[in-house]
Amino acid sequence: MRSILKTLSIGLVAVSGLAISNVTVAADGGTLYTQKLCNTCHGADAKTPIQPIYPKLAGQNAEYLAAQTKHIKDKSRSNGQTGTMFPFTMSLNDDDITAISGWIAAQPSDAKEGDIGGAFVDKGCVKCHGADGQSQGAEAKGIAPKLAGQNAEYIIAQTKDIKDGKRTNGNAAEMAGHADVKAITEADIKAVAEAIAK
Ligand code: HEC
Ligand code: HEC
């Protein structure tokens with residue numbers, strides 16, 4: 001029954017698309033994710049990127065995902081490997097970005113249950129990214145992205161870029177201006193990234 005209904009509704013969409021050619025039917029986020037080729041780099045499940053320095057996206061906050069996609073599109077975020085993604089953002093409008101981000105946010109992440117501990121606490125990341133690395137810490141102001149389960153390579157690259165002022169879009173200044181982040185060494189960043197990725 002369900003598949004008959006689906007076939008019927010696809011038929012209707014096709015017919016109405018032909019009849020009124022300037023009416024576009026909004027595609028759902030999961031369909032757009034594949035249509036816009038996001039899957040080719042970030043993986044079908046949004047957490048098996050083709051390179052370890054590319055981010056896992058699944059389960060991330062929808063607002064954060066949408067903001068970053070817009071910033072990569074308008075080049076206010078141009079650090080690291082963003083140039084490889086940029087061409088794929090050009091055909092996205094704001095509705096597409098909202099729909100895709102909502103779908104990605106609803107996919108299961110690789111975050112483990114429980115607190116991250118270790119260097120994540122000692123180096124102050126916990127103050128904004130939360131004890132479990134996927135909530136808001138006491139100093140977060142509700143804007144900290146989830147980190148738990150993310151690839152270590154990506155965490156290392158982005159932490160350095162935020163600290164060094166190569167990534168300044170969105171709320172990066174909140175993090176870059178924090179005394180604990182200013183004081184962090186390269187060895188600390190590696191230790192923190194390994195704790196987060198576990
Ligand atoms: C050609 C490969 C490629 C494609 C296709 C691609 N991305 Fe990306 N994406 C990347 C890379 C690489 C980065 C990390 C850039 C960096 O180094 O800072 C990224 C970063 C992101 C981020 C920021 C994640 C974060 O944690 O800050 C979001 C959100 C994102 N991509 C969404 C999308 C969406 C949505 C699509 C489809 C419209 C897409 N990407 C298509 C390669 C790609
Ligand atoms: C004062 C609050 C604050 C502290 C402390 C902080 N962060 Fe952040 N962090 C943020 C905010 C806010 C963002 C989002 C920036 C944006 O909007 O682009 C962020 C983003 C990140 C990102 C990018 C995530 C992604 O998906 O691209 C990484 C990696 C990161 N933080 C790691 C760390 C690490 C490691 C520490 C500890 C050394 C730390 N942060 C400490 C607030 C903080």
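Laboratory data are not the source of any read-out in this text; all were calculated from the coordinates shown. Values in this document were obtained by computation on a predicted structure and should not be read as measured data. Neighbour counts are summed over all protein chains in view; Cβ atoms, including those assigned to glycine, are modelled from backbone coordinates with ideal geometry.
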For region 107-198: span of alpha carbons on each principal axis (Å, largest first): 31, 28, 25
Calculated log₁₀ intensity ratio I(q)/I(0) where the Debye formula runs over C-alpha points of region 126-178, q = 0.15, 0.19, 0.20 Å⁻¹: -0.39, -0.63, -0.70
For the chain: relative contact order, % (alpha-carbon pairs under 8 angstrom, 6 or more apart): 20
Whole-Å semi-axes of the ellipsoid equivalent to the chain (Cα gyration tensor, √5λ, descending): 36, 18, 14
Principal-axis tilt of helix 94-105 within the chain, Cα atoms, nearest 10 degrees: 60
Helical mean residue ellipticity (222 nm; -39500 (n - 2.57) per DSSP H run of 4+; nearest 500) of the chain: -14500 deg cm²/dmol
When the convex hull of its Cα atoms is projected in every direction, mean area for region 25-81 (nm²): 4.4
Charge sum, other residues only, whose C-beta stays under 11 Å from G114's C-beta, Lys/Arg counted +1 and Asp/Glu -1: -1
Inter-site label distance for F86 and T168 at 7 Å from Cα along Cβ, in nm: 1.7
